[in-house]
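This report concerns only the one structure given below.
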Amino acid sequence: MVITENTFDIVSETERLVIRPLKKSDYKDWLTEFENRAPSQHRHDKGKMDMSQCTQVWFNNLIDKHQDLAITDIAHMFAVFRKEDGVHLGMVDFSTLSRGDFQWGRIGYSIHNQYWRKGYAKEAVKEAINIAFNNLKFHRIEAHINLDNTASFNLAKGVGMEYECIRKGFIFEFGEWTDNLVYFKNSFE
């Protein structure tokens, strides 16, 4: 499928947030919030990370990669910013699983842990799903969630996604093939 809109130019706003692809000029704000992360709070939270290799040149290459992925409809990456002050809060992304008869994508989301429990994730994911249906023309969006990631499946339910199944041995992570919960939302719901 060819997306007629230049997806790298999509900007969407909610009451408190701006959701858009990263720009090369976002580097300092992006880096600051990664450096300000609190230590990991559970196994699905990366917490503080070594950002020493994340130079402006590295970031520029990342932005170029994001653009290439969007142009080829492989993946679409969106940054989440707080509207009042432009602080980078996290990311929401979509991977294209299938086009043609399916129009099927996967959503991923991450909010920096210093901004948890403020409703930003729910607001961002809800709006990102609108982008997926209205701009990216997906018909079905799935979230693939580890069985023990309570915060993530509560978020999926909170934005109106429905539980579908457990996919056994679905993804290789933590050194083994792990099961994932599948939550979904269709465009006509």
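The values are calculated or read from the model by the stated rules, or taken from the named source; none is laboratory data. Small disclaimer: the values here were computed from a predicted structure and weren't measured. All Cβ positions, glycine included, derive from the backbone under ideal geometry; neighbour counts span all protein chains shown. Accessible surface is based on the protein model in full, side chains and every heavy atom, while ligands, DNA and RNA are left aside. Shrake-Rupley method; radii C 1.70, N 1.55, O 1.52, S 1.80 Å.
Considering L89, L136, L97, the condition of being more than 13 Å from the chain's Cα centre (by Cα) and either part of a strand (DSSP E or B) or among the hydroxyl-bearing types (S, T, Y) (or both) is satisfied by L97 alone.
Say we look at segment 110-124 and pick out the residues that are of a type outside the set (G, A, S) and touching a Leu at 6+ places or on another chain (Cβ under 7 Å); which of these is least open to solvent (accessible area, probe 1.4 Å)? Per the criteria, the residue is H112. The listed residues are E176, E142, and the only one of them that is acidic (D, E) and either open to solvent by 40 Å² or more (accessible area, probe 1.4 Å) or in contact with an Asp or Glu (Cβ under 7 Å, 6 or more places away or on another chain) (or both) turns out to be E176. Against the test of being closer than 14 Å to K185 by Cβ, open to solvent by 60 Å² or more (accessible area, probe 1.4 Å) and either at pLDDT 95 or above or within 13 Å of the chain's Cα centre (by Cα) (or both), the options E164, E127 yield a single qualifying residue, E164. With respect to the conditions (1) small (G, A, S); (2) farther than 30 Å from D9 by Cα; (3) modelled with pLDDT of 95 or more, A151 falls short on a single one, namely (3).
The residues of segment 69-84 that are in contact (Cβ under 8 Å) with a residue 40 or more places away in the chain and more than 13 Å from the chain's Cα centre (by Cα), listed by number, are A70, I71, D73, R82, K83, E84. Against the test of being among the acidic types (D, E), closer than 21 Å to E15 by Cβ and out of contact with any Gly (no Cβ under 6 Å at 6 or more places or on another chain), the options D85, D68, D101 yield a single qualifying residue, D85.
Could you grab me the full set of residues in segment 82-107 that are under 23 Å from Q41 (Cα atoms) and either touching a Lys or Arg at 6+ places or on another chain (Cβ under 7 Å) or open to solvent by 10 Å² or more (accessible area, probe 1.4 Å) (or both)? Break it down into steps so the answer makes sense when it comes.
Step one: filter segment 82-107 for residues under 23 Å from Q41 (Cα atoms), giving 82, 87-93, 107.
Passing the criteria: R82, V87, L89, M91, D93.
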